[in-house]
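The values are calculated or read from the model by the stated rules, or taken from the named source; none is laboratory data. What you see is a predicted model; the values in this text were computed from it and never measured. Heads up, the Cβs are rebuilt from the backbone with ideal geometry, glycines too, and the neighbour counts pull from every protein chain shown.
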Amino acid sequence: MKVWQKLVAWMLGPEPILSIVEYKTSTLRVVLSLIGIGAGTAYLFIDRFNGIYGNDIYYLAVVTSGMLTIYLNRLRYYKMASIIYMVTLNTVIFLFTDNDSYYTGVYIFYICTGLTGFALFGRQHIYFAMGFVILAIGLFLLAYWNEGSIIERPDLPPALIKNYLTINFIVAIIICTSIIYFLISINFHTEKQLLEQNKLLAKANAELDQFAYSVSHDLRAPLSSVQGIINLYKHTDNQAEKEEMVAKIDGRVKTLDLFIRKILDHSRNSRMDIFYENVYPAQLVKEIVGELDHMRDFGKQEIKIDIPDHLMIVTDKSRLRIILSNLLSNAIKYYDPQKVNAYIRIEALVADEYWKLIVSDNGIGIEESQLSKIFNMFHRANDRSEGSGLGLYIVEEVCKKLAGSITVTSKSGEGSRFEMTFPVVQQVAT
């Protein structure tokens, strides 16, 4: 099955296909082309085996058309590929049905071409779809009611007529089944997409209510504190007290700035497309660690980067930065001062189809009762929490955006371990 999937994937081309409908249509176009190539080749050998000559050019036309369709499909010339395939198919079928006085069942292929026209062109090019349906009907009527014939065919024995009827019926069933499966699959994915969008909309509405309440509270709290400190500042002449008040104002402003930046991170992750690029995780971790040196407890833990410098992955660098910044700042913030060997460890492991990012520490850990809630919006896991409660929520949302997952294991007083798994991206999307 994997060999077939790899073959079809190669025929679809190197560039990523963004739309599920476009992907399914391209796949159907490849499958129908392969059926045409296989059928044309099979008919050619069957005719030769039975001593029938003169039809080679028509079978070769079907084979060549199938190959050309796959090539154009790979280059993303979808409409041209479909038109060439449909014109060739209808022409060859007409040439055979025009003299099908032996009842070999060639007429059944007009049903296939009608269905194929709608499947390949759809509503987006409805006039092409309708045009090929009308063409199939017109060619059928012309071939069936026309007393003359364009091509001469030799007399066929009854046994050979039965063989051709059987083969034609099987090929037609395969084609029609493929098309109907394609249409059902598109409908299934559309319904699934609508259900997922409804769930996301319900989630967004619930989060919006909570977001509005929490943001108004968390924005007003530091502002009210600053306003109170300013009032005290106006009523004192003690220089030491003024300096202390300015320091407190500075702290409140930094808290407010951090909160706003987290809101922006959440907004960017929700609305911006994924931008893949080559990233060296070890280098990125070092950059982020350097950016966190302003934190109060920075330097009190040993930071172990167990990632080879040469390791390169393909991912969205800005989103990976959000994940690492949040997890590393939390690990620094919630270290255990009673441990003399305090540490933070960052690891990255790469397998064939996925890669993992692991951030662990031996800090104060998380209570077991809180583990199921830590990824909730605005949830604060312990009394020492001074943050907005958005950090881990954003981390999980970013992981989902990258088609990944995150799990946490933690024990109060022993530390925490966050493990993220992402699919391996084989190429940089452009």
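Okay, residues lined up against (1) surrounded by fewer than 21 Cβ atoms within 10 Å (Cβ to Cβ); (2) within 19 Å of Pro158 (Cα to Cα):
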site: Met86; (1), (2): no, no
site: Asn90; (1), (2): no, no
site: Ile93; (1), (2): no, no
site: Asn99; (1), (2): yes, yes
site: Tyr103; (1), (2): yes, yes
site: Val106; (1), (2): no, yes
site: Thr116; (1), (2): no, no
site: Phe121; (1), (2): no, no
site: Gln124; (1), (2): yes, no
Determine the pairs where a residue that is without any contact (Cβ under 8 Å) to a residue 12 or more places away in the chain and closer than 12 Å to Pro281 by Cα, located within segment 344-362, has a partner that is of a type in the set (S, T, N, Q) and surrounded by fewer than 19 Cβ atoms within 10 Å (Cβ to Cβ) with Cβ atoms under 7 Å apart, the partner being 6 or more residues away or on another chain. none
Pairs please, first residue from segment 48-60 and modelled with pLDDT of 85 or more, second anywhere and small (Gly, Ala, Ser), Cβ atoms under 6 Å, 6+ apart in sequence or on different chains. Tyr59/Gly40
Counting only residues that are modelled with pLDDT of 90 or more and small (Gly, Ala, Ser), which one in segment 404-430 is farthest from Glu367 (Cα to Cα)? Gly404
Answer yes if at least one residue in segment 121-143 is under 17 Å from Ser33 (Cα atoms), within 35 Å of the chain's Cα centre (by Cα) and in contact (Cβ under 8 Å) with a residue 60 or more places away in the chain, and no otherwise. no
Counting only residues that are touching an Asp or Glu at 6+ places or on another chain (Cβ under 8 Å) and acidic (Asp, Glu), how many does segment 282-314 have? 1
Do we find a residue being of a type in the set (A, V, I, L, M), assigned to a loop (DSSP other than H, G, I, E, B) and in the same structural domain as Ile305 (by TED's automatic domain parsing) anywhere in segment 346-353? yes
Mind counting the residues in segment 90-117 that are within 34 Å of the chain's Cα centre (by Cα) and in contact (Cβ under 8 Å) with a residue 24 or more places away in the chain? 5
Filter segment 269-310 down to residues that are touching a Phe, Trp or Tyr at 6+ places or on another chain (Cβ under 8 Å), touching a residue at least 60 places away in the same chain (Cβ under 8 Å) and either loosely packed, with under 14 Cβ neighbours inside 10 Å or not in a loop (DSSP other than H, G, I, E, B) (or both), then give me how many there are. 0
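Specify which of the listed residues (Ile249, Ile313) is under 20 Å from Ile358 (Cα atoms), surrounded by 15 or more Cβ atoms within 10 Å (Cβ to Cβ) and modelled with pLDDT of 80 or more.
On the way: Ile249 fails: under 20 Å from Ile358 (Cα atoms).
The conditions single out Ile313.
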